[in-house]
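Below is one structure, written out as structure tokens; comments come after it.
The values are calculated or read from the model by the stated rules, or taken from the named source; none is laboratory data. The structure presented is a predicted model; accordingly, all values stated were derived computationally and were not measured. As a convention, Cβ positions derive from the backbone with ideal geometry for all residues, glycine included, and neighbour counts pool all protein chains shown. Note: areas computed on protein heavy atoms with side chains; ligands, DNA, RNA excluded. Shrake-Rupley method; radii C 1.70, N 1.55, O 1.52, S 1.80 Å.
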Amino acid sequence: MTEHTEPGGRRPANDGPKAAGRNRAALVAAAREVFSEHGLEAPLSAIARRAGVGQGVLYRHFPDRTAAVTAVLEENVRQIEQAAEAENATFPAVLGVLTWHLAESAAFIGLLHTDRAGGRSGIRAHALTLSGRVERALRKHLPPGHRLGSADDLVLSVAMVSAAVTGPTHEEREHRALAAWRLLGVEVGPVRAFGG
């Protein structure tokens with residue numbers, strides 16, 4: 001195996017912890033894309049390739065498929081929470097970020113249907129925790145008297161919309177999500193990832 005060198009025969013600088021952070025962010029972004037395109041059973045090697053890292057780096061960050069899926073879910077929920085905490089956040093704006101994640105991530109849709117999480121109680125408990133965080137982020141901006149304000153209407157509506165999010169492309173899934181919100185009579189802001 002040949003050692004990588006830069007022009008002039010020098011070895012590249014070792015970025016240490018900075019590289020680890022970049023690698024993890026690249027792996028999470030790649031996992032979201034690969035899972036969205038090929039489903040949760042996509043080969044983990046595809047995630048490493050998409051992120052531009054070796055399989056050893058992948059397994060250092062995510063020792064198994066569950067760890068990779070969990071990282072994507074955590075990032076999805078974190079972005080929704082950040083959207084809810086943003087200055088001038090509104091219910092439609094936070095719903096726009098949620099809708100982007102619904103259209104982008106099959107794993108995220110699974111989270112919102114935690115009753116189907118099967119017998120692995122650890123996964124189900126974690127999914128319930130994340131689902132609760134999404135609900136709190138949305139409720140924070142739910143206007144008084146809103147049509148989704150009573151009992152479990154908010155959670156049920158999100159689950160209903162997520163069940164409608166099908167199709168081979170992000171655009172088609174987004175279109176179906178927006179149509180479902182429209183049928184429920186709920187205004188949604190721009191559908192986008194939260195970028196801060």
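Could you work out how far apart the two model spin labels at Q55 and K18 are, taking each label as a point 7 Å from the Cα in the direction of the beta carbon, and quote it in nm?
A separation of 3.0 nm, rounded to one decimal place.
Sort largest first and round to whole Å: the equivalent ellipsoid semi-axes of the range 133-192, each the square root of five times a Cα gyration tensor eigenvalue.
Semi-axis lengths for the range 133-192 are 22, 11, 11 Å.
Computing the accessible area with a 1.4 Å probe over protein heavy atoms, can you report the carbon and sulfur percentage for the range 134-196?
Summing carbon and sulfur atoms, their accessible area is 57 percent of the total for the range 134-196.
Using a Förster distance of 22 angstrom, determine the FRET efficiency expected from the C-beta separation of K140 and M160, and round it to 0.05.
Result of the calculation: an efficiency of 0.55.
Quick one: if the Förster radius is 41 Å, what FRET efficiency do D153 and A29 give, using the C-beta to C-beta distance and rounding to 0.05?
According to the calculation, E is roughly 0.75.
Please give me the summed charge of the neighbours of Q55: other residues whose Cβ is under 14 Å from its Cβ, Lys and Arg +1, Asp and Glu -1.
In short, +3.
Across the range 38-54, in residue order, what do the Karplus-derived ³J(HN,Hα) couplings come to in whole Hz, using 6.51 cos²θ - 1.76 cosθ + 1.60 with θ = phi - 60° and x for Gly and Pro?
Once θ is set to phi - 60°, the couplings for the range 38-54 become 10, x, 6, 8, 4, x, 4, 4, 5, 5, 4, 4, 4, 7, x, 10, x Hz.
Considering only the other residues whose Cβ falls under 10 Å of the Cβ of A46, what net charge follows from Lys and Arg at +1 and Asp and Glu at -1?
Here the count lands on 0.
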